[in-house]
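What follows is one structure encoded as structure tokens, with my remarks underneath.
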Amino acid sequence: MQIDFSNRTVMVTGAAGGLGTAISGLFAECGARVALCDLKGAGEAAARLRELGYQAEGFSFDVRDRNGIEEGVSQIASSLGGIDILINNAGINGGPEERQTVDAYHDDLWDRIISVDLDGVYNCSKAVLRSMGNGGTILNISSITGLVPLRNQCAFTAAKAGVINLTKAMALELAPRGIRVNCICPGTVGIAVTNTLWQNSDTMKALLAHIPMGRQALPEEIAGPTVFLCSEYASYITGAVLAVDGGWTAGGYARNF
Ligand SMILES: NC(=O)c1ccc[n+]([C@@H]2O[C@H](COP(=O)([O-])OP(=O)(O)OC[C@H]3O[C@@H](n4cnc5c(N)ncnc54)[C@H](O)[C@@H]3O)[C@@H](O)[C@H]2O)c1
């Protein structure tokens, strides 16, 4: 059996970003019609996929905007067909300079992160589920910070932990409708933002000390498990939380000392 998403429509949020582009590309390679959705539009990423002969279209909306999402979902249905698979991938975090302990944390940063990273998953899932019917898959991108908190990132950590339990709640509720809901927790992935962090040697050493595999993930290494969990190979998997982190959350120390 090969992974084949022919005649399936996949909606990917945050599709203009590092992970979203890789996830959209792999679904397209597997035959899906891909709706690339992003706050800043994803027209260029969609055009690149069309140039390769794939079916892809870009849509511009904000995962915080419930009315806008409803509209976006019906636009996707009109141009690519009803959504069979939803990838809740859009997410933000504060930059290193904004990170603070809880007592000093900026309220507006807390609000922004929770509204995109947690509310956004709820908003998009709700809108898509109304038209999904029976059968389908939702895959939420959380983070290992949802499993193992990092200091000075309380909003990101809380939002991503919320995504994990929202995944499980939806899995319970939706199993009778034949809809599977799973979650991936990436460790650190080599995209533009994390590559900037990575070039700083102190940060690199600190991160490496937690990663038994001794390197960041490539975006494609998150896209692979995402596609797997949405495929028929994962037909008995729902409510699962898969860390894709080079061993980070296996525990213990990655280095001898
Ligand atoms: N890169 C990592 O190391 C890493 C690690 C763990 C988890 N993650 C998670 O992976 C997901 C993808 O992140 P990425 O690394 O590709 O980052 P990224 O910044 O490259 O991409 C995120 C995308 O989300 C979009 N977005 C932001 N706010 C939005 C909104 N309100 N509505 C719609 N789109 C919005 C952005 O425009 C951007 O294109 C996020 O949920 C992130 O938390 C990333």
Most fluctuating residue given options Val181, Val163, Val189, as computed from a GNM of the chain linking Cα atoms under 10 Å: Val189
Number of Lys pairs (Cα under 25 Å; 8 or more positions apart or on different chains) in the chain: 6
Two-decimal log10 I(q)/I(0) for the range 1-133, as the Debye equation yields it once each C-alpha is a single scatterer, q = 0.10, 0.12, 0.16, 0.17 Å⁻¹: -0.34, -0.47, -0.76, -0.84
Rg(Cα) / (2.2 N^0.38 Å) computed for the range 64-136, rounded to two decimals: 1.40
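Just the number, please: Stokes-Einstein D of the chain in µm²/s, Kirkwood Rh from C-alpha pairs, 10 °C, 1.306 mPa s.
Values: Rh = 18.5 Å.
Calculated translational D: 86 µm²/s.
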Of Val189, Gly58, Gly95, farthest towards positive along the dipole that unit charges on Lys, Arg, Asp, Glu beta carbons give the range 9-241: Val189
Whole-Å semi-axes of the ellipsoid equivalent to the range 84-211 (Cα gyration tensor, √5λ, descending): 30, 16, 12
Dipole of the chain, positive end: most advanced residue of Val244, Leu129, Thr13 [Cβ charges, Cα centre]: Val244
5 angstrom amide H check on Val189, placed H, neighbours 5+ away: Ala217
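Once every DSSP H run of n ≥ 4 in the chain is given -39500 (n - 2.57) and the sum is divided by its residues, what mean residue ellipticity at 222 nm do you get, rounded to the nearest 500 deg cm²/dmol? Don't skip to the end; give the middle numbers.
On the way: 9 runs with 106 residues, N = 257.
Estimated from H runs of four or more residues: -12500 deg cm²/dmol.
Can you list the DSSP H helices in the chain whose Cα atoms extend at least 20 Å along the helix axis and whose mean Kyte-Doolittle hydropathy is -1.0 or higher?
Working: long enough: 66-80 (21 Å, -0.19); 154-174 (29 Å, 1.02).
Those that clear 20 Å and a mean of -1.0 are 66-80, 154-174.
All of the numbers you see were taken from the coordinates with simple rules; none came from a lab. Predicted model, so just to flag it, every value in this text is computed and none were measured. Glycine also receives a Cβ, built like all others from the backbone with ideal geometry; neighbour counts cover every protein chain displayed.
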